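Here, each number is a calculation from the coordinates, and none is a lab measurement. This is a predicted model, so every value here is computed, not measured. Here the Cβ is made from the backbone with ideal geometry for all residues, glycine too, and neighbour counts use every protein chain on show.
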Amino acid sequence: MLEVQHISKSFGGVKATDDVTLDFATGSLTAVIGPNGAGKSTFFNLITGALKPDTGRILLDGIDMAGRSPPDIVRHGIGRAFQVASIFPSLTVSETMLAAVGADQRRAGVMYRRFPLAETRERADYVIELLGLANKRNRVASALSHGDQKLLDIALALVLEPKVLLLDEPTAGMGTEERWRMIEKVHELWVREKITVVFIEHDMDIVFKIAPSIVVLCYGRILATGTPDEIRKNPAVIEAYLGTDEHAGAL
Amino acid sequence: MSELNVENRAGAAPFVTRPRRAAYTDIVFAIIGFAILAALPFLFDSKALLDFVIRCSAFGLFATSLNLLVGYTGLISFGHGMFFGLGAYGFGLLMQRANVSIPLAMVCTLAITAVAAVVIGAICVRLKEIYFAFVTLAFQMLIHSVILSWQSLTGGDQGLRGGIKRPVFWGIDLTNHVQLYIFSCALLVIGLLLMRQIAQSPFGYTLRMIRDNATRASFIGINVWRAKLTVFVLAALFASVGGMIMSLFVSGAYPEFAYWTISGEGIFINMLGGVTTFLGPMVGTVLLLILNDTATRLTEHYGIVLGVVILFFALGLRKGLMDFAVDWYRAWRDKAKEQS
């Protein structure tokens, strides 16, 4: 269970995150939506330690994560993927996975043995298969297609067997068809791995179809939370975010 | 359709299968290499050749250790030469003043280097690229000026004069030129083996991850600062051994060993030989020293010759010689595979 309690973050005078309180039940799948500049990415950065919240607590199974370093938070079980695929360009897919599993097993500093370590293979292979990257395992990451790089980024987060997986726009920069493939993959991961997944998404069709619960952020505040039906009918949401013609169609 | 783009973007080799050799293969290579080097004095009666190889050992260890920082971790240090100088002066002073055995002096020098590297590294490795380069350079200048001004200890700009005693240890007599040569080669080969092991270990891949994307590395739980500091100290130790070989070779130590130009030469060697292969810096060392010796013999405008060469590598090849050779070999192999 991930509980975010009254977290705030200001940049200069701008409140990027303003007193946000949210619970993510264990094993839930939640979409975070909101217009550009709503503070979605900042919210993720606060939870993962990329930014330190000014106030508030972030409890993972009762332990406060606020203000800890990213490696520390990752080790407690919050993994993340990035909006722009964050990978290791010169390593192959399997090298990436083997090295990441090694890091997870606290063997990143081992010098007296050769890479890759035998005990990292099983987990690395499992995640490579899980993400469907098996036939590209010997490719250098920089030579992968955009979609595969995004998958590799997610794979890096999954290697650590996180309790909570945060995906910052898993479908960013993809065409319609690729988007659906990606989101089906995310859904499949959620079902198979039984982890708490929170993802940011712009495409309303996807959000309403996939996510059992939705959080709407606007100007750093929570505008609404609820099921797709509740969000569709919420007057504040319609007013502030979905009221445009473009999105009315989606409703 | 995306497949097609991938092929184009990646150029000639989208599939990279990198065979990983086991540790014992490296050891076999090292033994063969050492055997060849050890045979040289018996095949050629040339003191100049042995001198050349001893200098290659000193600078080769220095340059290869710099590549652990530059090529493997992405830390461009412009002050790595300070540890070369520290090795030479630390060892030279201990031998001249403390009256200890050579192995003990070496171990003590390594300890001094480690302490210095931990302190300097702790300050530097948090800094981003250009700041890291300049602050390491600043420390190099600092150490150089300390050596110049602390005349009573270091002899100032005269260096450590009067020679270094070389008491016999374990039956090894380093006053004998051939034995000094074999000893230097042994240090070189052992040093290279250890660095190769570091580069091919899980830690070596942690360094590669940090080089590629330090942010991502920290988000998979790696303590980036600690890994950088560790490799900074390790590289300093190997550079220090290079300095010790140099100190034994010239039987003293000179302020030039700690001057920033040594660091510059280290970077130059890495550019010449290439940073993407483990032995690139070693090839670069041999090239630079040959270049150095021929250019100084032929002309007094030595700097111009080096400048032209560096421009050729930087603008012409855009990579080091070993990088070039490896790329050429891969292209040739792929072509051969296609035809068969």
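As a length-normalised measure over Cα pairs under 8 Å and 6 or more apart, the relative contact order of chain A settles at 26 percent.
The average projected area of segment B:230-340, computed from the convex hull of its Cα atoms over all directions, is 9.9 nm². Let me know the shape class of segment A:41-175, please: from the alpha-carbon gyration tensor, a ≥ b ≥ c as square roots of the eigenvalues, rounded when a/c is under 1.5, otherwise prolate if a/b is greater than b/c, or oblate. It is oblate, given that a/c is not under 1.5 and a/b is not larger than b/c.
Summed over qualifying helices (DSSP H, 4 residues or more, each -39500 (n - 2.57)) and divided by its residue number, chain A shows a 222 nm mean residue ellipticity of -10500 deg cm²/dmol. Put simply, the C-alpha atoms of segment B:103-202 give a gyration tensor, and the ellipsoid matching it has half-axes of 30, 24, 11 Å, longest first.
Per-residue Cβ neighbour counts within 10 Å put B:CYS56, B:CYS108 in the sequence B:CYS108, B:CYS56, beginning with the fewest. Distances between placed amide hydrogens fall under 5 Å for A:VAL215 paired with A:ALA31, A:VAL32, A:ILE33, all partners being 5 or more residues away or on another chain. Of all the C-alpha pairs in chain A, what % are more than 23 Å from each other? The answer is 51 percent, as a whole percent.
Among A:GLU177, A:GLU201, A:GLU95, which one moves the most in a GNM of chain A with springs linking Cα atoms closer than 10 Å? For chain A, modelled as a Gaussian network with Cα springs under 10 Å, the answer is A:GLU177. Here the spin labels are modelled as points 7 Å beyond Cα on the Cα-Cβ line, and at B:VAL305 and A:MET1 they lie 7.7 nm apart. If R₀ is 22 angstrom, what is the calculated FRET efficiency for the pair B:ASP293 and B:ASN176, using the beta carbon separation as r and rounding to 0.05? Efficiency, from the Cβ-Cβ distance: 0.35. Here the Kirkwood formula, the inverse mean of 1/r across different C-alpha pairs, assigns segment B:29-259 a hydrodynamic radius of 18.3 Å. Put simply, the amide H of A:LYS15, placed in the peptide plane, has no neighbours under 5 Å, leaving out anything fewer than 5 places away on its chain. For the residues of A:85-92, the average number of beta carbons from a partner chain within 10 Å of their own beta carbon is 5. Can you list the DSSP H helices in chain B whose Cα atoms extend at least 24 Å along the helix axis and whose mean Kyte-Doolittle hydropathy is -0.5 or higher? Span-like helices in chain B: B:23-43, B:47-67, B:102-124, B:129-149, B:177-200, B:224-250, B:280-298.
Is segment A:1-40 best put as rounded, prolate or oblate by its Cα gyration tensor, with a ≥ b ≥ c the root eigenvalues, rounded for a/c under 1.5, and otherwise prolate when a/b is larger than b/c, oblate when not? Oblate, because a/c is 1.5 or more while a/b does not exceed b/c.
For a 22 Å ceiling on Cα separation, which of these pairs sit above it: A:LYS150/B:LYS128; A:LYS15/A:LYS52; A:LYS40/A:LYS209? In this structure, A:LYS150/B:LYS128 lie more than 22 Å apart at Cα. Which of B:TRP150, B:TRP170, B:TRP328 moves most in a GNM of chain B, Cα contacts under 10 Å? Fluctuation is largest for B:TRP170. Taking only Cα atoms of the protein assembly as shown, what ratio of Rg to Rh do you get with Rh as the Kirkwood inverse-distance radius? Radius of gyration over Kirkwood radius for the protein assembly as shown works out to 1.06. For chain B, the 222 nm mean residue ellipticity estimated from helices alone, with every DSSP H stretch of n ≥ 4 adding -39500 (n - 2.57) and the total spread over all residues, rounds to -24000 deg cm²/dmol. For B:ARG333, B:ARG166, B:ARG216, the sequence from fewest to most other C-beta atoms within 10 Å is B:ARG333, B:ARG166, B:ARG216. Comparing B:SER263, B:SER152, B:SER218 in a Gaussian network model of chain B, where Cα atoms under 10 Å apart are tied by springs, the biggest mean-square fluctuation is seen for B:SER152. Under 17 Å from a point 7 Å along the Cα-to-Cβ line of A:HIS146: which residues of segment A:166-196 have their amide N that close? What the label zone holds, given the 17 Å backbone N cut-off, is A:168-183.
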